[in-house]
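Okay, structure first, notes after.
Since every read-out is calculated from the coordinates, none of them should be taken as a lab result. Computed from a predicted structure; not experimentally measured. Cβ coordinates were reconstructed from backbone atoms using ideal geometry, including for glycine residues, and neighbour counts include every protein chain displayed.
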Amino acid sequence: MIRGVRGAITVSADQPEEVLQETRRLVLEIARENKIEPDHVASVIISTTTDISSAFPAKAVRTIDEWNFVPVMCTHEMDVPGSMPLCIRVMMHVNTELSQKEIHHVYLNEATKLRPDLTAKSQVSST
């Protein structure tokens, strides 16, 4: 069965090195938390807030060992007033036997504020 695994992270500035580093960190943490191998991934969609334009976050995924064949696409989030700035979001479509409630969605840095309900679940399950 294919499940969606979500995650988000913020960067302190729209700098190419930081965008790529933090995207990589997020993807690897999602994979680690959910025991995801690249061959299990059908596709990855990465969105950024419109204040991030210095680098394609998909490039970070393509540089991870064995992830170079995973289809990855970037897009921008809707520009909603008051939304969290400098945020990178990931939706990973994964072949898994896990149920929806067993999936660990990962929120890092300031993005923990987006889904405190899921962040608390992840912190409880990883301790």
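Taking each DSSP H run with n ≥ 4 as -39500 (n - 2.57) and averaging over every residue of the chain yields -8500 deg cm²/dmol at 222 nm.
Relative contact order, percent, of the chain when contacts are C-alpha pairs under 8 Å separated by at least 6 residues?
Numbers: 232 pairs, mean separation 50.9, N = 127.
40 percent.
By other beta-carbon atoms within 10 Å, ranking F69, F56 with the fewest at the front produces F69, F56. When the P(r) of the stretch 2-125 is calculated, the portion above 19 Å amounts to 43% of the C-alpha pairs. The lysine pair count for the chain, using Cα distances under 24 Å and pairs eight or more places apart or on different chains, is 6. Listing M73, M92 from fewest to most neighbouring C-beta atoms within 10 Å gives M73, M92. As a rough footprinting exposure proxy, the listed residues C74, C87 were ranked by other beta carbons within 10 Å of their own, and the order from fewest upward is C74, C87.
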